[in-house]
Amino acid sequence: MSDFTNTRIAFIRARWHADIVDRAHDGFLAEAETLMPGCVTDAYDVPGAFEMPLLAKKLAATGKYDAVVAAAFVVDGGIYRHDFVAAAVVNGLMEAQMTTDVPVFSVSLTPHNYQETQLLTDFYRTHFISKGAEAARAVKGVLDIELPSAQLHSLPGAVVNG
């Protein structure tokens, strides 16, 4: 895809650690502006990471978006253990894209150890900028894949109806 003027992307931001998560959105927008000029990105906020998969599925199902990106910073200290939440979020995002046929990308990071020190907060704020940019490159890469129906039929093991 070389013309992104009709491309629309939803970007979901969890509000836990918003000062860190918002940097992923910043990095995404900066990279998308370069890689996909004319692309429109709509931002949606949810309370936490656990709420992202359902919204991703609903947004994808509208047919309004070419891709959905979901960003969160999942750490211990909330109601649930971070590893439980992270697994549920990633599995839910995968289910959303498999159900709707709209690509869904995760910028949901789960550090092994996180303490709210200035040093670690600064590190993750910077890290999330680069992760947002990586997500923009991934979105472009997937949207660039344009396989005509004839090519789909010729893929090894492909079973395509229609």
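Considering each of VAL107, VAL68 in turn, give the residue that is hydrophobic (A, V, I, L, M, F, W, C), buried (at least 22 other Cβ atoms within 10 Å of the Cβ), at pLDDT 95 or above and within 17 Å of the chain's Cα centre (by Cα).
After ruling out the rest, the residue left standing is VAL68.
Inspect segment 45-54 for any residue being among the aromatic types (Phe, Trp, Tyr) and either touching a Lys or Arg at 6+ places or on another chain (Cβ under 8 Å) or crowded, with 23+ Cβ neighbours inside 10 Å (or both) and give the result as yes or no. No, because not a single residue in segment 45-54 is among the aromatic types (Phe, Trp, Tyr) and either touching a Lys or Arg at 6+ places or on another chain (Cβ under 8 Å) or crowded, with 23+ Cβ neighbours inside 10 Å (or both). Evaluate the following for ALA86: is it at pLDDT 85 or above, surrounded by 13 or more Cβ atoms within 10 Å (Cβ to Cβ) and not aromatic (Phe, Trp, Tyr)? The answer is no for ALA86. Hey, does segment 71-80 have a residue that's out of contact with any Pro (no Cβ under 6 Å at 6 or more places or on another chain) and modelled with pLDDT of 95 or more? Yes, that holds for at least one residue. Of the listed requirements (1) under 15 Å from GLY48 (Cβ atoms); (2) of a type in the set (Gly, Ala, Ser); (3) modelled with pLDDT of 85 or more, ALA96 misses just one: (1).
Here GLU33 meets each of (1) surrounded by fewer than 14 Cβ atoms within 10 Å (Cβ to Cβ); (2) within 20 Å of ASP122 (Cβ to Cβ) with one exception, condition (2).
Any residue at all in segment 38-47 that's among the aromatic types (Phe, Trp, Tyr) and closer than 24 Å to LEU120 by Cβ? No, the conditions are met nowhere in segment 38-47. Residue pairs whose Cβ atoms lie under 7 Å apart, sitting 6 or more positions apart in sequence or on different chains, and linking a residue in segment 15-42 that is under 9 Å from GLY132 (Cβ atoms) to a partner that is assigned to a loop (DSSP other than H, G, I, E, B) and of a type in the set (Val, Ile, Thr), do not occur here. Evaluate the following for VAL102: is it at pLDDT 75 or above, surrounded by 15 or more Cβ atoms within 10 Å (Cβ to Cβ) and in a loop (DSSP other than H, G, I, E, B)? In short, yes.
The values are calculated or read from the model by the stated rules, or taken from the named source; none is laboratory data. This one's a predicted model, so the numbers in the text were calculated from it and none came from an experiment. When we count neighbours, we look across all protein chains shown, and the Cβ atoms used for this are built from the backbone with ideal geometry, even at glycine.
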